[in-house]
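Encoded as structure tokens, the structure appears first; notes follow it.
The values are calculated or read from the model by the stated rules, or taken from the named source; none is laboratory data. Computed from a prediction, not measured in an experiment: that's the story for all the values here. Every residue, glycine among them, receives a Cβ derived from its backbone with ideal geometry; neighbour counts consider all protein chains shown. Each accessible area value is taken on the protein alone, full model and side chains, heavy atoms only, with ligands, DNA and RNA left out. Shrake-Rupley method; radii C 1.70, N 1.55, O 1.52, S 1.80 Å.
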Amino acid sequence: MRKKIVVGNWKMNKTISEAVELSSAIIDQLGEVSASCEVGIAPAFPALSGVHGVISGTGIHLAAQNCHYEDDGAFTGEVSVRMLDEAGCSYVIVGHSERRQYFGDTNPVVNLKVKKALSAGLNVILCVGETLDEREKGITTEVVTCQVKEGLEGVADIGDIVIAYEPVWAIGTGKTASSLQAQEVHASIRATVAGLYNEPAAAGVRIQYGGSVKPSNAEELFAMPDIDGGLIGGASLNAEDFVAIVKAAEKS
Ligand code: PGA
């Protein structure tokens, strides 16, 4: 039985003090982290340490939204995995579609980041997903399979990786993939992992859905056999909504 995982991706929102306030509100409303669902939050870099101070000891994971693939050096504006580790992160999101779309994170770059994060002992949330144009052309499976394969190139053990399927057309748009549309892609991702690794690896890997998850649709999505939780953007900026989504995952 795979343990569900719900992570809030706060993107470029919340100052340090606002992030501390939101994480405190999440803790208050969530109470104990349940054994049936892992919970994580991914504030912007400046707020990582402050949020770590608030959540440490609660069982909530601290996640970063991105990392660089070099150890250190002259990479102005970038953040290394050792910095994230020391800030208290246990997860890093890699290959989010906004990184791919606006910052040139290609599959090979994503792959380098995945490997660097794993080498620092971080768990990785590897994001994949097709654009509307790709879905309409009927190439969703090809695109997502290629992102998974190239993202995991040279990764011997998938144990520290969570895959997030996030159709680009559903992110921040209010449009959610139907539970059946999402399930279909999740099943194909699991089959890809089986081909790359083996059946036990495929059966064990968690595949989150992301893209306009809300309290009103979370339960139906999380009830699907291959959907193991969610990567939550907009709704994670509201403690009540985020906690309601976590509770939906705990129940499913
Ligand atoms: P959304 O974002 O929930 O606002 O659609 C999801 C994500 O980008 O991770």
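Would you check which residues across the range 211-233 are in contact (Cβ under 8 Å) with a residue 60 or more places away in the chain, touching a helix residue (DSSP H, G or I) at 6+ places or on another chain (Cβ under 9 Å) and under 19 Å from D160 (Cα atoms) and list them? Outline the logic, then answer.
As a first pass, look at the range 211-233 and keep what is in contact (Cβ under 8 Å) with a residue 60 or more places away in the chain: 211, 222, 228-233.
Filter again for touching a helix residue (DSSP H, G or I) at 6+ places or on another chain (Cβ under 9 Å), leaving 211, 222, 228-230, 232.
Listed by number, the residues that qualify are D228, G229, G230.
When the range 103-136 is examined, which residues are found to be within 16 Å of the ligand (Cβ to nearest atom), within 16 Å of E166 (Cα to Cα) and assigned to a helix (DSSP H, G or I)?
Once the filter is applied, which keeps residues that are within 16 Å of the ligand (Cβ to nearest atom), within 16 Å of E166 (Cα to Cα) and assigned to a helix (DSSP H, G or I), the range 103-136 yields V110, L132, R135.
Kindly indicate whether any position in the range 139-151 is among the charged types (D, E, K, R), touching a strand residue (DSSP E or B) at 6+ places or on another chain (Cβ under 9 Å) and touching a residue at least 40 places away in the same chain (Cβ under 8 Å).
no
State which residue is farthest from A117 (Cα to Cα) when the search covers only the range 43-79 and only residues that are out of contact with any helix residue (DSSP H, G or I) (no Cβ under 8 Å at 6 or more places or on another chain) and among the hydroxyl-bearing types (S, T, Y).
S56
Residue under question is S252, and the condition is that it be polar (S, T, N, Q), on the phi < 0 side of the Ramachandran plot and touching a Phe, Trp or Tyr at 6+ places or on another chain (Cβ under 8 Å); does it hold?
It is true that S252 is polar (S, T, N, Q), on the phi < 0 side of the Ramachandran plot and touching a Phe, Trp or Tyr at 6+ places or on another chain (Cβ under 8 Å).
State yes or no: is A202 more than 23 Å from Q65 (Cβ to Cβ) and without any contact (Cβ under 8 Å) to a residue 24 or more places away in the chain? Outline the logic, then answer.
On the way: more than 23 Å from Q65 (Cβ to Cβ): yes; without any contact (Cβ under 8 Å) to a residue 24 or more places away in the chain: yes.
Yes.
Determine, yes or no, whether M12 is in a loop (DSSP other than H, G, I, E, B), surrounded by fewer than 14 Cβ atoms within 10 Å (Cβ to Cβ) and within 16 Å of the ligand (Cβ to nearest atom). Walk me through it before giving the result.
On the way: in a loop (DSSP other than H, G, I, E, B): yes; surrounded by fewer than 14 Cβ atoms within 10 Å (Cβ to Cβ): yes; within 16 Å of the ligand (Cβ to nearest atom): yes.
So M12 fits the description; yes.
Taking the range 42-65, which residues are within 28 Å of Q101 (Cα to Cα) and either aliphatic (A, V, I, L, M) or crowded, with 20+ Cβ neighbours inside 10 Å (or both)? Break it down stepwise before answering.
Going through the range 42-65, the residues within 28 Å of Q101 (Cα to Cα) turn out to be 42-49, 51, 61-65.
Selection gives A42, P43, A44, A47, L48, V51, L62, A63, A64, Q65.
What residue, of V33, V39, is in a loop (DSSP other than H, G, I, E, B) and either away from the ligand (no atom under 16 Å from the Cβ) or out of contact with any Asp or Glu (no Cβ under 9 Å at 6 or more places or on another chain) (or both)? Steps first, answer last, please.
Working: V39 fails: in a loop (DSSP other than H, G, I, E, B).
Within the list V33, V39, the selection yields V33.
So is D72 open to solvent by 50 Å² or more (accessible area, probe 1.4 Å) and in contact with a Ser or Thr (Cβ under 7 Å, 6 or more places away or on another chain) or not? Give the derivation first.
On the way: open to solvent by 50 Å² or more (accessible area, probe 1.4 Å): yes; in contact with a Ser or Thr (Cβ under 7 Å, 6 or more places away or on another chain): yes.
Yes: the conditions hold for D72.
Could you pull out every one of the helices (runs of 4 or more DSSP H) wholly within the range 144-252 that has 2 or more residues that are open to solvent by 30 Å² or more (accessible area, probe 1.4 Å) and within 16 Å of the ligand (Cβ to nearest atom)?
Details: elements: 179-196, 199-204, 215-222, 239-251.
Of the helices (runs of 4 or more DSSP H) lying wholly inside the range 144-252, those with at least 2 residues that are open to solvent by 30 Å² or more (accessible area, probe 1.4 Å) and within 16 Å of the ligand (Cβ to nearest atom) span 215-222, 239-251.
Take the range 53-78 and flag every residue that is β-branched (V, I, T) and in a loop (DSSP other than H, G, I, E, B). Working first, answer last.
The initial filter retains those residues of the range 53-78 that are β-branched (V, I, T), namely 54-55, 58, 60, 76.
Scanning the range 53-78 gives T58, I60, T76.
Keeping to the range 80-101, report how many residues are in a helix (DSSP H, G or I), in contact with a strand residue (DSSP E or B) (Cβ under 7 Å, 6 or more places away or on another chain) and more than 17 Å from V114 (Cβ to Cβ).
So the count comes out to 0.
From the list G174, G195, G229, which one is within 20 Å of Q65 (Cα to Cα) and small (G, A, S)?
On the way: G174 fails: within 20 Å of Q65 (Cα to Cα); G195 fails: within 20 Å of Q65 (Cα to Cα).
Result: G229 is the single residue among G174, G195, G229 that is within 20 Å of Q65 (Cα to Cα) and small (G, A, S).
Taking the stated definitions as given, is L84 crowded, with 22+ Cβ neighbours inside 10 Å and either touching a helix residue (DSSP H, G or I) at 6+ places or on another chain (Cβ under 9 Å) or on the phi > 0 side of the Ramachandran plot (or both)?
yes
I'd like the residue in the range 15-41 that is modelled with pLDDT under 95 and surrounded by 14 or more Cβ atoms within 10 Å (Cβ to Cβ) and, out of all such residues, is farthest from I227 (Cα to Cα). Don't jump to the end; show me each part of the working.
Narrowing the range 15-41 to residues modelled with pLDDT under 95: 31-36.
Within this subset, residues satisfying the condition of being surrounded by 14 or more Cβ atoms within 10 Å (Cβ to Cβ) are 33-34.
Working: V33: 20, S34: 18 Å.
Top of the filtered list is V33.
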